[in-house]
Amino acid sequence: MRKIFMLIMSALLLALFTAPAFSDLNFKTHTKYTLYIGMNDGKTGKPTYDLQSARKIFMNIAGKYVDGYTVYDAEGFWREGEKMFREKTLVCVIVDASEESVQKIMNEALKIFRQNSILIERSKTESEFYDGNN
């Protein structure tokens, strides 16, 4: 009797660990780009635009090259020697755009916001548009 019980338990555990997980979620892999665009002029160090104006300008740029993005305001900090710097920063997150489109956005942003460089991150992520149990 004990052997039958152990055999049944082993079969149940095997089925449990090898069965596919059931979920309403259907994640897909995407490439995500995050751009950090400072608002201080690259030569003078003085602000070029306030963040509200910068968002509007950026929306006109990005809207030409990608179908969707998220923009939010941030503050960047960095140290050069003993001196600490602070800069209002526009952060833009773009998912599933071509690298060429993202580069076009950055090239225009570099000129318009008078930046020496833009920090860009590229990562793989999983996401989906969740709409409940429809």
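The values are calculated or read from the model by the stated rules, or taken from the named source; none is laboratory data. Remember, it's a predicted structure, so these values are computed and weren't measured experimentally. Ideal geometry is used to build each Cβ from the backbone, glycine not excepted, and the neighbour counts take in all protein chains shown.
Tabulated data
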item	result
Sole exception among (1) more than 17 Å from the chain's Cα centre (by Cα); (2) modelled with pLDDT of 95 or more for Val93, by number	(1)
Number of the condition not met by Val102 [criteria: (1) surrounded by 11 or more Cβ atoms within 10 Å (Cβ to Cβ); (2) out of contact with any strand residue (DSSP E or B) (no Cβ under 8 Å at 6 or more places or on another chain); (3) closer than 23 Å to Lys28 by Cβ]	(2)
Residue satisfying all of: in segment 50-72; of a type in the set (A, V, I, L, M) and not in a helix (DSSP H, G or I); farthest from Met39 (Cα to Cα) among these	Val66
Residue satisfying condition, being loosely packed, with under 13 Cβ neighbours inside 10 Å and modelled with pLDDT of 95 or more, within set Thr34, Thr18, Thr29, Thr70	Thr70
Where Ile57 falls short, out of the listed (1) β-branched (Val, Ile, Thr); (2) at pLDDT 95 or above; (3) closer than 26 Å to Thr29 by Cα	(3)
Subset of segment 49-106 (residues that are in contact with an Asp or Glu (Cβ under 9 Å, 6 or more places away or on another chain), closer than 16 Å to Glu121 by Cβ and of a type in the set (Ser, Thr, Tyr))	Thr89
Segment 90-108: number of residues that are over 18 Å from Lys32 (Cβ atoms) and in contact (Cβ under 8 Å) with a residue 12 or more places away in the chain	1
Residue match in segment 66-83 (condition: touching a Lys or Arg at 6+ places or on another chain (Cβ under 9 Å), without any contact (Cβ under 8 Å) to a residue 12 or more places away in the chain and on the phi < 0 side of the Ramachandran plot)	yes
Residue tally, condition assigned to a loop (DSSP other than H, G, I, E, B) and among the β-branched types (Val, Ile, Thr), over segment 92-134	1
Segment 115-129: number of residues that are over 19 Å from the mean Cα position of the chain (by Cα) and surrounded by fewer than 17 Cβ atoms within 10 Å (Cβ to Cβ)	1
